[in-house]
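Asks: Let me begin by handing over the structure; questions about it come next.
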Amino acid sequence: MKKVKLAVLVSGSGTNLESLINAVNSGIIKDGQISLVISNKETAYALKRAENAGIPSFIIKRSSFDSNEDFDKYLLEKLIENKIEIVLLAGYMRILTKPLLDAYKDKILNIHPSLLPDFGGAGMYGIKAHEAVIKAGVTISGCSVHVVNEHIDGGPVIAQSRIKVMPEDTPQSLAKKVLIEEHKLYPATVQNFISTQVQL
Ligand code: GAR
């Protein structure tokens, strides 16, 4: 069967990208291939991970465009040019706008480091989500994979993993524990998602 073409959008370290690359190589993601990595940050270590894996990548800087929509329109052109079928956000720290959301409706997934709908939405990203979890004193946290729509972190959740928050946890220790779960959950969910698409 022809593999589904995936693009991964990143902004930072790219450990989730690495887990997706490993999952393609090991066959956990058996129906997809990562064809393209796009970063909005030139310093993102994720770009090095893409290079090491031999995956084409490029940088699109927000400062080169007049508006968020123009930025996303250019990104969209690149996705279409590369015949990308599914877009995976992996630590991508930008909010997507209508041109991109409309063109890839129900074809964009994101991994978020909390149990959505808790600790999601504007300002709740990366370590900030873990800081809020610790501050709230909840005893269970985790990560969620959701379909991306116009509501920030508000699209349908399709998978979650849970972990215990220990009294001695800090935002940093929690982030590490949640990342370990992210690296298992995202690849497995991506494969499930692709396989349901393929059957449609
Ligand atoms: C991950 O924890 C991811 O869930 C989170 O940023 C981190 C990126 O790490 N994403 C968000 O907060 C998106 N709202 P990585 O660059 O090592 O994959």
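Bear in mind these aren't lab numbers, they're just calculated from the coordinates by the rules spelled out. This one's a predicted model, so the numbers in the text were calculated from it and none came from an experiment. For neighbour counting, all protein chains shown are included, and Cβ atoms are generated from backbone atoms with ideal geometry for every residue, glycine included.
Asks: Which of H183, H151, H112 has the fewest other C-beta atoms within 10 Å, and how do the rest follow up to the most?
Replies: Ascending Cβ contact count within 10 Å gives the list H151, H183, H112.
Asks: Next question, about the same structure. Using 0.36 nm per residue, how much length does the chain from H151 to I95 gain when fully extended, once their Cα-Cα distance is taken away?
Replies: Here the segment from H151 to I95 would lengthen by 19.2 nm.
Asks: Another one. Counting only Cα atoms, I'd like the Rg/Rh figure for the range 60-180, Kirkwood definition for Rh.
Replies: Across the range 60-180, the Cα-based Rg/Rh ratio is 1.03.
Asks: Moving to a separate point now. With a cap of 10 neighbouring Cβ atoms within 10 Å, and only residues DSSP puts in a loop, list the GluC sites (Glu not before Pro) found in the range 1-92.
Replies: Filter output for the range 1-92: E42.
Asks: Moving to a separate point now. Compare the Cα positions of L96, Q191, I152 along the charge dipole of the range 47-200 (+1 at Cβ of Lys, Arg; -1 at Cβ of Asp, Glu; about the Cα centre) and return the one farthest towards the positive end.
Replies: Q191
Asks: Now, a different point. Give me the angle, in degrees from 0 to 90, between the Cα long axis of helix 171-199 and the longest principal axis of the Cα atoms of the chain, rounded to the nearest 10.
Replies: 40 degrees
Asks: Å³ per residue of the Cα convex hull, for the range 107-147?
Replies: 61 Å³
Asks: May I pose another question? Can you put K61, K5 in order of Cβ neighbours within 10 angstrom, beginning with the fewest?
Replies: K61, K5
Asks: Same structure, new question: How big is the range 81-145 on each of its three principal axes, counting only the C-alpha atoms and giving the largest first in Å?
Replies: Computed over the range 81-145, the largest-to-smallest principal extents equal 46, 17, 16 Å.
Asks: Another question, if that's okay. Taking the Cα atoms of the range 50-114, what is the range of coordinates along each of the three principal axes, in descending order and whole Å?
Replies: So the extents along the principal axes, rounded to whole Å, are 33, 29, 23.
Asks: Taking only the alpha carbons of the range 111-198, what extent do you get along each of the three principal axes, in Å, biggest first?
Replies: In descending order, the Cα extents are 44, 26, 16 Å.
Asks: Report the percentage of all Cα-Cα pairs in the range 1-65 whose separation exceeds 15 Å, rounded to a whole percent.
Replies: Every Cα pair in the range 1-65 considered, those over 15 Å come to 48 percent.
Asks: While we're here: For the pair F65 and D106, what calculated FRET efficiency results from E = 1/(1 + (r/R0)^6), where r is the Cβ-Cβ distance and R0 = 25 Å, to the nearest 0.05?
Replies: Calculated transfer efficiency: 0.45.
Asks: Now, a different point. Find which of L116, I59, L75 sits farthest along the positive direction of the dipole of the range 37-125, computed with +1 on the beta-carbon of Lys and Arg, -1 on that of Asp and Glu, about the Cα centre.
Replies: I59
Asks: Suppose each label sits 7 Å from its Cα in the direction of the beta carbon; what would the A122-E168 distance come out to in nanometres?
Replies: 3.9 nm
Asks: Same structure, new question: For the range 124-164, what number results from the quotient of the Cα radius of gyration and 2.2 N^0.38 Å?
Replies: Rg over 2.2 N^0.38 Å, computed on Cα atoms: 1.25.
Asks: Which three numbers, in whole Å and largest first, are the semi-axes of the equivalent ellipsoid of the range 21-131 derived from its Cα gyration tensor as √(5λ)?
Replies: 21, 20, 15
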